[in-house]
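**Student:** Quick one: the structure is below, questions incoming.
The values are calculated or read from the model by the stated rules, or taken from the named source; none is laboratory data. Keep in mind that what you see is a predicted model, and the values were worked out from it rather than measured. Methodologically, a virtual Cβ is constructed for each residue, glycine included, from the backbone with ideal geometry; neighbour enumeration extends over all protein chains shown.
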Amino acid sequence: DPKIIQKPKYLVAVTGSEKILICEQYLGHNAMYWYRQSAKKPLEFMFSYSYQKLMDNQTASSRFQPQSSKKNHLDLQITALKPDDSATYFCASSQGRGGAETLYFGSGTRLTVL
Amino acid sequence: GDQVEQSPSALSLHEGTGSALRCNFTTTMRAVQWFRKNSRGSLINLFYLASGTKENGRLKSAFDSKERYSTLHIRDAQLEDSGTYFCAAGSNSAGNKLTFGIGTRVLVRP
């Protein structure tokens, strides 16, 4: 059974619209992350959260807003979508004890913006 | 910023043979992780190393922080080893933010 659930698996959106990517983890972890993989590029770090607080943000645009309603949830709201936002978005988690830790990933949400 | 150079980009192996993947780092990394993307698209963690070597079945990984590289060796390759392998590492200043390599697509042929 997957321990990190991302929904939906595939998402198609029109330019200018808004979407929310869902992530839930059932590993009892305290830290959660978002990464993005665009075509032909490596996975890129976007955000990290620890105990529901933002720790690091490497996303230049405020159109990307993480939302943590519970400790094991970290959703990603994307507003004013652009075709360049098309990518696979991966959620991850770790124990959250600080420093470098083993990361566990979900299976991703593939977003296509038309 | 931190850079990770992963090679080769693609690798074809016959069953029963072996090979190595390599990641070079442009800065001193605190730890390295290796992942394989499975058939569902999930990234499965294979290894976490802060130093030295680790072995798990037919996979073995090494990490040399001082020399700025890590390797992943596959021996006695099986068909189920096919997939895309990624290394990822973080520097001391990066917390748990990982910089990923571009990936190596491994194809094991009968």
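**Student:** Just to verify a result, which residue in region A:85-114, among those that are more than 11 Å from chain B (Cβ to nearest Cβ) and in contact (Cβ under 8 Å) with a residue 40 or more places away in the chain, is nearest to B:LEU98 (Cα to Cα)?
**Tutor:** The initial filter retains those residues of region A:85-114 that are more than 11 Å from chain B (Cβ to nearest Cβ), namely A:85-87, A:89, A:111-114.
Still in the running and in contact (Cβ under 8 Å) with a residue 40 or more places away in the chain: A:86-87, A:89, A:111-114.
Values: A:SER86: 21, A:ALA87: 18, A:TYR89: 15, A:LEU111: 22, A:THR112: 25, A:VAL113: 26, A:LEU114: 30 Å.
This residue is A:TYR89.
**Student:** Just to verify a result, which residue in region B:73-88, among those that are part of a strand (DSSP E or B) and more than 9 Å from chain A (Cβ to nearest Cβ), is nearest to B:MET29 (Cα to Cα)? Please lay out each step first, then the result.
**Tutor:** Pass one, region B:73-88, residues part of a strand (DSSP E or B): B:73-74, B:83-88.
Next cut, more than 9 Å from chain A (Cβ to nearest Cβ) only: B:73-74, B:83-85, B:87.
On the way: B:HIS73: 20, B:ILE74: 23, B:GLY83: 25, B:THR84: 22, B:TYR85: 19, B:CYS87: 12 Å.
Per the stated criteria, the residue is B:CYS87.
**Student:** From B:GLY57, B:GLY16, B:GLY52, which residue is in contact (Cβ under 8 Å) with a residue 40 or more places away in the chain, surrounded by fewer than 16 Cβ atoms within 10 Å (Cβ to Cβ) and on the phi > 0 side of the Ramachandran plot?
**Tutor:** Details: B:GLY57 fails: in contact (Cβ under 8 Å) with a residue 40 or more places away in the chain; B:GLY52 fails: in contact (Cβ under 8 Å) with a residue 40 or more places away in the chain.
Result: B:GLY16 is the single residue among B:GLY57, B:GLY16, B:GLY52 that is in contact (Cβ under 8 Å) with a residue 40 or more places away in the chain, surrounded by fewer than 16 Cβ atoms within 10 Å (Cβ to Cβ) and on the phi > 0 side of the Ramachandran plot.
**Student:** Please verify whether region B:62-72 includes one or more residues that are surrounded by 13 or more Cβ atoms within 10 Å (Cβ to Cβ), more than 24 Å from A:PHE45 (Cβ to Cβ) and more than 9 Å from every other protein chain (Cβ to nearest Cβ). If you could, list the steps in order and put the result at the bottom.
**Tutor:** Start the filter on region B:62-72 by keeping residues that are surrounded by 13 or more Cβ atoms within 10 Å (Cβ to Cβ), which leaves B:62-65, B:68-72.
Now narrow it down to the ones that are more than 24 Å from A:PHE45 (Cβ to Cβ): B:62.
After this cut, where a residue has to be more than 9 Å from every other protein chain (Cβ to nearest Cβ) as well, the list is B:62.
Looking for residues that are surrounded by 13 or more Cβ atoms within 10 Å (Cβ to Cβ), more than 24 Å from A:PHE45 (Cβ to Cβ) and more than 9 Å from every other protein chain (Cβ to nearest Cβ), one finds at least one in region B:62-72, hence yes.
**Student:** In addition: Can you confirm whether A:SER38 is modelled with pLDDT of 90 or more, out of contact with any His (no Cβ under 8 Å at 6 or more places or on another chain) and under 13 Å from A:SER94 (Cα atoms)?
**Tutor:** Working: modelled with pLDDT of 90 or more: yes; out of contact with any His (no Cβ under 8 Å at 6 or more places or on another chain): yes; under 13 Å from A:SER94 (Cα atoms): no.
Judged against the criteria, A:SER38 is not a match.
**Student:** Of all residues in region B:28-42, which are surrounded by fewer than 22 Cβ atoms within 10 Å (Cβ to Cβ) and at the interface with another protein chain (Cβ under 7 Å from one of its Cβ atoms)? Can you show your working first?
**Tutor:** Kept after step one, since they are surrounded by fewer than 22 Cβ atoms within 10 Å (Cβ to Cβ), are these residues of region B:28-42: B:28, B:30, B:36-42.
B:ARG30, B:ARG40, B:GLY41, B:SER42 - these are the residues of region B:28-42 that are surrounded by fewer than 22 Cβ atoms within 10 Å (Cβ to Cβ) and at the interface with another protein chain (Cβ under 7 Å from one of its Cβ atoms).
**Student:** Quick test for you: out of B:ARG40, B:ARG105, pick the one residue that is assigned to a strand (DSSP E or B) and of a type in the set (D, E, K, R). Steps first, please.
**Tutor:** Values: B:ARG40 fails: assigned to a strand (DSSP E or B).
It is B:ARG105.
**Student:** Let me confirm something: among A:GLN77, A:GLN67, A:GLN58, A:GLN6, which residue is within 21 Å of B:GLY90 (Cα to Cα) and polar (S, T, N, Q)? Steps first, answer last, please.
**Tutor:** Working: A:GLN77 fails: within 21 Å of B:GLY90 (Cα to Cα); A:GLN67 fails: within 21 Å of B:GLY90 (Cα to Cα); A:GLN6 fails: within 21 Å of B:GLY90 (Cα to Cα).
Answer to the check: A:GLN58.
**Student:** Return yes or no: is A:LEU54 within 14 Å of another protein chain (Cβ to nearest Cβ), at pLDDT below 95 and more than 28 Å from B:THR84 (Cβ to Cβ)?
**Tutor:** Values: within 14 Å of another protein chain (Cβ to nearest Cβ): yes; at pLDDT below 95: yes; more than 28 Å from B:THR84 (Cβ to Cβ): yes.
Yes.
**Student:** Okay, moving on. Hey, can you tell me all the residues within region A:20-60 that are over 19 Å from A:LYS9 (Cα atoms) and touching a helix residue (DSSP H, G or I) at 6+ places or on another chain (Cβ under 9 Å)?
**Tutor:** Scanning region A:20-60 gives A:PHE45, A:ASP56.
**Student:** Starting from residues that are touching a Phe, Trp or Tyr at 6+ places or on another chain (Cβ under 6 Å) and surrounded by 20 or more Cβ atoms within 10 Å (Cβ to Cβ), keep the ones in region A:11-35 and report whichever is nearest to the other protein chains (Cβ to nearest Cβ).
**Tutor:** Filtering first and then ranking leaves A:TYR35.
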